[in-house]
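Asker: Can you keep this structure in mind? I'll have questions shortly.
Read-outs throughout are calculated quantities, based only on the coordinates presented, and are distinct from any laboratory measurement. Because the structure is a prediction, the values reported are computed rather than measured. Please note: Cβ atoms are built from the backbone with ideal geometry, for glycine as well, and neighbour counts cover all protein chains shown.
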Amino acid sequence: MNRTALIRFALVIAAFAPCARADDVARTPVTDPRPLMFAALQSSDGQAHGVLIGDVAEAITKRFSASSPIYIDVSTEKRYAQPGCARLKVSFWQDGVNLPGAAAPRRQTVEFGINYCLDGRPPGSLS
């Protein structure tokens, strides 16, 4: 490979490296899920993706000897008539979690639904 081709190859790899994460989506580092919830509300596809960072994330990962960071995915299940409000599904997941009594490490997922608006409060109506 000549030098020009090598430089082009390196530039292509560098351009796609930020997207090569847990499930090939760009993830925003966050200390709690709220920024992702706001991003999902404002997103045209109703989704946002992040990775939990900070002391709490480090403590959880260490406690369970997990093999990956804690990932967060937020998706819009339903948009309400009130502007900027929706039903969101928030999923936290981590690979390689060692639970007491488990035969082997596994992916652990925690999901919840929440009615949420851009002002940080629940919608006035669910219609």
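Asker: Stretch S67-L126 to full length: gain in nm at 0.36 nm per residue minus the Cα-Cα span?
Answerer: So the chain would gain 17.3 nm between S67 and L126.
Asker: Using the 10 angstrom Cβ neighbour count as an exposure proxy, how do T28, T61 rank, fewest first?
Answerer: Least to most surrounded, the residues fall as T28, T61.
Asker: Also: With θ taken as phi - 60° and the coefficients 6.51, -1.76 and 1.60, list the Karplus ³J(HN,Hα) couplings across segment 36-48 in order, rounded to whole Hz; mark glycine and proline as x.
Answerer: For segment 36-48, the Karplus curve yields 6, 5, 5, 5, 5, 4, 8, 7, 5, 9, x, 10, 8 Hz.
Asker: Could you compute the FRET efficiency for V25 and A59, with r as their C-beta to C-beta distance and R0 at 30 Å, rounded to 0.05?
Answerer: In this case the efficiency is close to 0.75.
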